[in-house]
Amino acid sequence: MANVLLEQNSNGVTWIRINREEIRNAVNFEVMEELNDLLTIAEKDESKVVIISGIGKKAFCSGGDLSAFQHILSEDAARRMLMKMGAVIERIAFFPKITIAALNGTAVGGGAELASACDFRIAAPHIKVGFVQANLAITTGWGGGTLLLERIAKLEALQMLLSAKMYSTEELIRNGFIQHVITKEPFEEGVIDFAGPFLNKTKGVIQAYKGRYIDHLDQGRIHLNMKNEIAECAKLWEEKEHHEAVLAFLKKSKNI
């Protein structure tokens, strides 16, 4: 079974959904590779909007699969892993089509970073978002901290990163992280309603405006900042405080 699903709709939407509901749509190496492959398909297809989401109602994405990455101990090995997903995150950030993170469930750690890469973030009412990496004695490691600082007010972003707390939809609307709460059921129909005004425009118009948006992003600076962010996380990954925090988390989660 595929770890990431692709659905191309005739209404101009391509859905990309992480399909690991049993472990809260956590990202492993296979997910990274499949996400990248499906982004290539979505970039070349006839869609106007690409929607990234997760399967189920509990989790959009719970970040890195710690059970898969717990054996990564050194700074160099950590950097290689982090850079692999960092490249996917950066690709989404500068994707030539409009991207929407449809938060069907909670976004934690790297899942919050994935959401930050998209142009828009919309959410079901029950979801929460947390950049919880600091609770594991590391920082954001896929470049999502850099992107968060681009998406919302810098002090709001710094507070989210330092507090490592879970934010409700009300808080996320207030600080600008999400743009809309979807109350319609089924959730997917509410997402399409949000995208409707975009889908009514021609593909050329949408891509032109996305291009103007990208023009106003300092891609060189963002790339360098993301690279530095990944390097900093890799250094912290090697420290015993991180390994101890991961083991404690996995024991609590009954994964080991």
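Each value in this text was obtained by applying a stated rule to the coordinates, not by laboratory testing. These numbers were taken from a predicted model, which means no experiment stands behind them. Positions of Cβ are generated from backbone atoms using ideal geometry, with glycine treated the same way; all protein chains shown enter the neighbour counts.
Centroid-to-centroid, using Cα positions, segment 152-229 and segment 82-122 are 9 Å apart.
In this calculation the C-beta distance from Ala137 to Glu43 is compared with R0 = 41 Å, giving a FRET efficiency of 0.65. Toward the positive end of the charge dipole of segment 1-121, with +1 on the Cβ of Lys and Arg and -1 on the Cβ of Asp and Glu, the farthest Cα among Gln70, Leu103, Leu39 is that of Leu103. Remark: spin-label model distance Leu6-Gln70 equals 3.4 nm, labels positioned 7 Å along the Cα→Cβ axis.
Label zone (Lys154, point 7 Å along Cα-to-C-beta; backbone nitrogen cut-off 15 Å) within segment 169-191: none. If you plug the beta carbon distance of Tyr209 and Glu189 into 1/(1 + (r/R0)^6) with R0 = 30 Å, you get a FRET efficiency near 0.75. Placing unit charges on the Cβ atoms of the charged side chains and taking the dipole of the chain about its Cα centre, the candidate lying farthest along the positive direction among Leu155, Ala93, Met81 is Leu155.
To the nearest 20 debye, what charge dipole does the chain have about its Cα centre, counting +1 at the Cβ of each Lys and Arg and -1 at the Cβ of each Asp and Glu?
Charge dipole of the chain: 340 debye, to the nearest 20.
Extension gain, Lys165-Leu250: 0.36 nm per intervening residue step, less the Cα-Cα distance, totals 28.7 nm.
Given 0.36 nm per residue, what is the gain on full extension from Gln219 to Asn175 after removing their alpha carbon distance, in nm?
13.4 nm
Only one of the values [x] 128; [y] 219; [z] 119 was calculated from this structure for volume of the Cα convex hull per residue in Å³; name its label. Checking each listed value against the structure points to [z]. Restricting segment 6-46 to trypsin sites (Lys or Arg not before Pro) that sit in a DSSP loop and have at most 13 other Cβ atoms within 10 Å of their own Cβ leaves nothing.
Residues considered: Glu238, Glu170, Glu21. Largest GNM mean-square fluctuation over the chain, using C-alpha springs under 10 Å, is found at Glu170.
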